[in-house]
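**Q** Have a look at the structure that comes next, please.
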Amino acid sequence: MGPTLSLKGIDNSTYYRLLADNPRYYMDYTGTGNTLNLQHPRVLQLIMDSLRYWVLEMHVDGFRFDLAATLARELHEVNRLGAFLDIIHQDPVLSQVKLIAEPWDLGEGGYQVGNFPVGWAEWNDRYRDTVRSFWRGDGGVLGDLAYRITGSSDLYAHSGRRPYASINFVTAHDGFTLQDLVRYNEKHNEANGENNRDGNNDNRSWNCGVEGPTDDPGIKALRAKQKRNLLATLLLSQGVPMMYAGDAIGHTQMGNNNAYCQDNETSWLKWDLQPQDRELLAFTQRVIDLRKTHPVFRRRRFFQGRPIKGADVKDVLWLNPSGNEMTEEEWRNSSVHSLGMFLSGQGLDEIDERGRKVSDTDFLVLLNAHHEDVAFTLPAFRPASRWIAWMDTSRESGLRPADTHDSGAQYPLQARSMVVLMERREHGTKEEE
């Protein structure tokens, strides 16, 4: 019903999917009014020529496809072997660049997380939902959390893809910012002019006791800690972390979770940072540096959960607060909110660009989403080994002095906090860090 513009004015019935019984109207799988007709060879040619131009002439190194399930629809259903995906896979240029799918659309059967072919990475909204739920304190998500923070092998391993197929995120342009995720239980989109009907209602957010801004120092401290928890979890998970611009400097949209129509202070980033914003930025930078320095946090293969050849530990080990391996009963217990993840630096099973075996330090990551402190027993895999506390989100800066803890000792894991410890092995008077 709108004006005759762009492809509509060139050849409407070729470029767009139209209703068979009333071709005046579009089939709308995207929720934005129309859907490109990828069944037509000229439409496919237009898309492929455009993508190749951006790579060869403009030198972009990849693409993120909005509502990518729409591109895989043949007649009506999403087909992972559809013409578009097949042509991309065969193209000598496009098959070599980064291809990232938003793996859903608004049509029937449009949710396709885990179903894109080899060569594609996907926005993993199951990661977003699970991590938000865990740190909100929801029960019954431990098993799913273990999959998410180890690269989501349940979604990607079956098709031969690797952990980097999972684009992990906690926030994106759709939904709350990180600041608002810990400030609001409900969306506040009144300024959008749709009587707060627009935007997602299922945000899995928690305002920490007060809706919106507050001067209460206890609530402000808890919100700051929750932001550190969410950022550290994201940056230290297997897969590819994706951060929303402004999250590391406390950007807020004042509870608006659909701010696409707000070209004003609601969506603008503020660069006059307050002390707490600079502190969060410094924390984020330090965790990014940890990820970049230690390959154990960015594995190229999934964990096997089996003992490492020549060692007495597994490549990944899940621990309860007593320092023992998690039991099936504990995994299923919805009242359990604490978990330890041991990452073996000897279990990478990878080689570098010179063909040398990649190895790393052993790490222990402790997560406690419970509202009470937990005394977590540190594992003793080897004699004379100790643990150095590298990060503790319960502290205002998220950092700790390099204090060392004996294996078998109890670490005071604070309520709603996350800790990262590095193993130090001592051999006589020589220490290996």
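The values are calculated or read from the model by the stated rules, or taken from the named source; none is laboratory data. Fair warning: this is a prediction, and the values are worked out from it, not measured in the lab. Note that we place each Cβ from the backbone using ideal geometry, even for glycine, and neighbour counts take in every protein chain shown.
**Q** Quick one: which residue in 289, 263 is loosely packed, with under 13 Cβ neighbours inside 10 Å, free of Cβ contacts under 8 Å to residues at least 24 places away in the same chain and under 22 Å from the mean Cα position of the chain (by Cα)?
**A** Result: 289 is the single residue among 289, 263 that is loosely packed, with under 13 Cβ neighbours inside 10 Å, free of Cβ contacts under 8 Å to residues at least 24 places away in the same chain and under 22 Å from the mean Cα position of the chain (by Cα).
**Q** Let me ask something else. Between residues in region 35-54 that are assigned by TED's automatic domain parsing to the domain that holds residue 69 and over 17 Å from residue 66 (Cα atoms) and residues that are modelled with pLDDT under 95 and exposed (fewer than 15 other Cβ atoms within 10 Å of the Cβ), which pairs lie under 8 Å by C-beta distance while being six or more apart or on different chains?
**A** Sorted first by the residue in region 35-54, then by its partner, the pairs are 39/74; 39/75.
**Q** Residues that are of a type in the set (Val, Ile, Thr) and more than 28 Å from residue 2 (Cα to Cα): does region 34-53 have at least one?
**A** no
**Q** Tell me which residues, restricted to region 276-326, are touching a helix residue (DSSP H, G or I) at 6+ places or on another chain (Cβ under 7 Å) and of a type in the set (S, T, N, Q).
**A** The answer is 276, 284, 320.
**Q** Oh, and also: Looking at region 105-113, is at least one residue surrounded by 12 or more Cβ atoms within 10 Å (Cβ to Cβ), of a type in the set (Phe, Trp, Tyr) and at pLDDT 95 or above?
**A** no
**Q** With the structure loaded, tell me whether residue 253 is more than 18 Å from the chain's Cα centre (by Cα), modelled with pLDDT of 95 or more and on the phi < 0 side of the Ramachandran plot or whether it fails that test.
**A** For residue 253, the condition - more than 18 Å from the chain's Cα centre (by Cα), modelled with pLDDT of 95 or more and on the phi < 0 side of the Ramachandran plot - is met.
**Q** Looking at 83, 20, 101, can you tell me which residue is over 27 Å from residue 173 (Cβ atoms) and touching an Asp or Glu at 6+ places or on another chain (Cβ under 9 Å)?
**A** Exactly one of 83, 20, 101 is over 27 Å from residue 173 (Cβ atoms) and touching an Asp or Glu at 6+ places or on another chain (Cβ under 9 Å), namely 83.
Residue by residue, here is whether (1) assigned by TED's automatic domain parsing to the domain that holds residue 137; (2) touching a residue at least 60 places away in the same chain (Cβ under 8 Å) holds:
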position: 230; (1), (2): yes, yes
position: 234; (1), (2): yes, yes
position: 242; (1), (2): yes, yes
position: 247; (1), (2): yes, yes
position: 258; (1), (2): yes, yes
position: 278; (1), (2): yes, no
position: 297; (1), (2): no, yes
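**Q** Here's a follow-up. Mind checking whether some residue in region 80-90 is more than 26 Å from residue 331 (Cβ to Cβ), basic (Lys, Arg) and either surrounded by fewer than 22 Cβ atoms within 10 Å (Cβ to Cβ) or at pLDDT below 95 (or both)?
**A** yes
**Q** Mind listing just one residue for me: the one in region 162-193 that is more than 15 Å from residue 206 (Cβ to Cβ) and acidic (Asp, Glu) and, of those, surrounded by the most Cβ atoms within 10 Å (Cβ to Cβ)?
**A** Per the stated criteria, the residue is 174.
**Q** If you scan region 28-79, which residues turn out to be at pLDDT 90 or above, among the polar types (S, T, N, Q) and surrounded by fewer than 16 Cβ atoms within 10 Å (Cβ to Cβ)?
**A** 45, 50 - these are the residues of region 28-79 that are at pLDDT 90 or above, among the polar types (S, T, N, Q) and surrounded by fewer than 16 Cβ atoms within 10 Å (Cβ to Cβ).
Every residue, every condition in (1) assigned by TED's automatic domain parsing to the domain that holds residue 411; (2) small (Gly, Ala, Ser); (3) surrounded by 19 or more Cβ atoms within 10 Å (Cβ to Cβ); (4) touching a Ser or Thr at 6+ places or on another chain (Cβ under 8 Å), yes or no:
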{"site": "334", "(1), (2), (3), (4)": "yes, yes, no, no"}
{"site": "353", "(1), (2), (3), (4)": "yes, no, no, no"}
{"site": "356", "(1), (2), (3), (4)": "yes, no, no, no"}
{"site": "371", "(1), (2), (3), (4)": "yes, no, no, no"}
{"site": "377", "(1), (2), (3), (4)": "yes, no, no, yes"}
{"site": "384", "(1), (2), (3), (4)": "yes, yes, no, no"}
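**Q** Among the strands (runs of 3 or more DSSP E) confined wholly to region 261-369, which include 3 or more residues that are closer than 30 Å to residue 175 by Cα?
**A** By residue number, 338-343, 363-368.
**Q** Another one. Is at least one residue of region 126-139 surrounded by 23 or more Cβ atoms within 10 Å (Cβ to Cβ), in a loop (DSSP other than H, G, I, E, B) and not charged (D, E, K, R)?
**A** No, that holds for no residue.
**Q** Say whether the condition of being touching a helix residue (DSSP H, G or I) at 6+ places or on another chain (Cβ under 6 Å) and either surrounded by fewer than 18 Cβ atoms within 10 Å (Cβ to Cβ) or in the same structural domain as residue 284 (by TED's automatic domain parsing) (or both) is met by at least one residue in region 210-221.
**A** Scanning region 210-221 turns up at least one residue that is touching a helix residue (DSSP H, G or I) at 6+ places or on another chain (Cβ under 6 Å) and either surrounded by fewer than 18 Cβ atoms within 10 Å (Cβ to Cβ) or in the same structural domain as residue 284 (by TED's automatic domain parsing) (or both).
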